[in-house]
Amino acid sequence: MHKSLSRRLFLQGATAAFSAATMGGLASAASAKEIVRPKPLYGPPPGIARLNSNENPYGPSPAALKAMMEASQKGAYYVFDSVIRLKEMIAERHGLTPEHISIGSGSSAGLTAAAIVAGRKGNILGPDLFWDTTSRVVEIQELGEIKRLPKLESMQIDLDAMYAAIDDSVSMVQVTNPNNPTGLLIDPVAMNNFCIKASKKCTVLSDEAYNEITDNSDANSVIPLVKQGHDIIVARTFSKIYGLAGMRVGYLIAQPEKIAEIEKYGVGWYGLNQAGLAAAIASYEDHTFMDYCRSKIKEAREMVSAAVKENGLTALPSVTNFMFVNLGELNAETFRAEMEKENVHIRGIYRDYTNWSRVSMGFIEDVQKYTSALPKVLHRMG
């Protein structure tokens, strides 16, 4: 595992060395002109710590890279067979049928379609703060609205209040677990009990994008409730623990009739590509790679936690590959702009949470840039 990762880094280094040597030759030949290095076509520029998108830079795994290379040679063919294979793998893993599963471009495609289905029947109920990018389609298309729970100082999701807020106007409840941007996880017993009760009133959508990053992913999932027949949709993605954000593969798990209804609104295999599907298939049961990524994410979280504490700040207890940091009296958007001056990219303000800042766990050296820049930026803003 580590040898394969080291080999990949060696190849990247060799490519960089060759490029540097080439640029050096050009500089000698054109001494009168300043040579401008071209920006990389893929990923962040050198020297930039990109910690704003919750990406897992340790992916794709060596197995996924090998599969992508092979699949790309068959890029002339549509992906129907690959979709069937991935559906069967997911179905077998959870004791379901392929008809319970919809594969799409990341989990965003399925989440957006699920929101449209819900919006045509009523409103979407969610916590005050959650990853609402896809559900906002109901308001953009004027289908309905997102009803939000009141703020809680703890920023945890109040499931009792959410259940009490379900009325005839609500067609779907959406819970992101672990939540984004807070990084908080709901107690699995409480989540299961809530889903069983709430799904008798309306559809429950559990967005589990970060589930596999948690220590006990199976216990923290409500997929077994789908198998039991409840009206629950579970969203998963290959963008996070698998490190395939740029390859765009995700899926929904729900009752077959719900999947069929959702797929009327644009979710389908024809929006996928061979390389992304090959990477997903190769990664799906790659537990060695996932364990490696979890260990690096935990190491990064410990670094950020220590730096936050040393600088007099606090952060919510995260189980994900990002942390939500309380900046006290400081403005999160100003803080983001100041960190960018240090070549560290993080997120700014979410909704009206003006003093909370989200930072992702990237490469250890990039997280080190964040922790090193933190006291300098706080001093400038202080």
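Gain in length, residue 77 to residue 92, computed as 0.36 nm per residue apart minus the alpha-carbon separation, to one decimal in nm? Intermediate results must be reported in sequence, preceding the final value.
Details: separation 15, 0.36 × 15 = 5.40 nm, distance 2.58 nm.
So the chain would gain 2.8 nm between residue 77 and residue 92.
Sticking to Cα atoms, compute the Rg of the range 288-381 to one decimal and its Dmax as the biggest Cα-Cα distance, whole number, in Å.
12.8, 43
Can you give the % of DSSP beta bridges in the chain that are antiparallel, to the nearest 5?
On the way: 16 of 33 bridges.
Around 50 percent of the beta bridges assigned by DSSP in the chain are antiparallel ones.
Roughly what angle does helix 188-198 make with the longest principal axis of the chain, taking Cα atoms, 0 to 90 degrees, to the nearest 10?
Compared with the principal axis, the helix lies near 50 degrees.
How would you rank 123-135, 308-320, highest first, on the average number of other Cβ atoms within 10 Å across their residues?
Details: 123-135: 22.1, 308-320: 16.4.
So the peptides 123-135, 308-320, ranked by packing, come out 123-135, 308-320.
Would you kindly compute the Cα radius of gyration of the chain and its largest Cα-Cα separation (Dmax), both in Å?
22.1, 74
Kindly write out, for the range 256-263 in residue order, the coupling ³J(HN,Hα) from the Karplus curve 6.51 cos²θ - 1.76 cosθ + 1.60 (θ = phi - 60°), rounded to whole Hz, with x marking Gly and Pro.
Using θ = phi - 60°, the values come out as x, 5, 6, 4, 4, 5, 5, 6 Hz.
Where the centroid of each part is defined by its Cα atoms, how far is the range 86-152 from the range 279-333 in Å?
25
For the range 47-52, take each phi angle, set θ = phi - 60°, evaluate the Karplus expression 6.51 cos²θ - 1.76 cosθ + 1.60, and give the result in whole Hz per residue in order, putting x for glycine and proline.
x, 9, 8, 8, 10, 10
How far is helix 108-119 tilted, in degrees, relative to the longest principal axis of the Cα atoms in the chain, given as a value from 0 to 90 rounded to the nearest 10?
Approximately 30 degrees, to the nearest ten.
Just to confirm the number: angle between the C-alpha axis of helix 274-283 and the first principal axis of the chain, 0 to 90 degrees, nearest 10?
80
Values quoted throughout were computed directly from the atomic coordinates according to the rules given, and no laboratory measurement underlies them. The model shown is predicted, which means the values in this text are computed figures rather than measured ones. Reconstructed Cβ throughout: ideal geometry from the backbone, glycine too, with neighbour counts over all protein chains shown.
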